[in-house]
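Novice: Quick one: structure below, then a few questions.
The values are calculated or read from the model by the stated rules, or taken from the named source; none is laboratory data. Fair warning: this is a prediction, and the values are worked out from it, not measured in the lab. No Cβ is skipped: glycine too gets one built from the backbone with ideal geometry, and neighbour counts run over all protein chains shown. Remember, those area values only see protein heavy atoms, side chains included, never the ligands or the DNA or RNA. Shrake-Rupley method; radii C 1.70, N 1.55, O 1.52, S 1.80 Å.
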Amino acid sequence: MPGFVIEYNRRSGTRRVTSYLGVDGHREAMRQRLLLERERQDLNIEIVSLISDSLDTVQETHSRYFQGRDVAAAS
């Protein structure tokens, strides 16, 4: 199932979304989230990994992450 990693800046509202669409996408997204959390230096950056059928669904279910703007969109 697809997985998604969102790096969300709580102060500015900006976000970076990376999609992992392969069969093990959800596992890849979790690994990436854990790596990013280990490297994170700014505690205002919230890092989440989500499992969903599509990015559209994630935007509906976790809309607070999508009220700002993308700093970089990745597929």
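Novice: Go through (1) in contact with a Pro (Cβ under 7 Å, 6 or more places away or on another chain); (2) part of a helix (DSSP H, G or I); (3) hydroxyl-bearing (Ser, Thr, Tyr) for Tyr65 and report which single condition fails.
Specialist: Against the list (1) in contact with a Pro (Cβ under 7 Å, 6 or more places away or on another chain); (2) part of a helix (DSSP H, G or I); (3) hydroxyl-bearing (Ser, Thr, Tyr), Tyr65 comes up short only on (1).
Novice: Give, as residue ranges, the strands (runs of 3 or more DSSP E) completely inside the stretch 1-60 that count at least 3 residues that are small (Gly, Ala, Ser), in contact (Cβ under 8 Å) with a residue 40 or more places away in the chain and open to solvent by 80 Å² or more (accessible area, probe 1.4 Å). Quick ask: steps written out before the conclusion?
Specialist: Values: elements: 3-9, 15-20, 45-51.
Fully inside the stretch 1-60 and qualifying: nothing.
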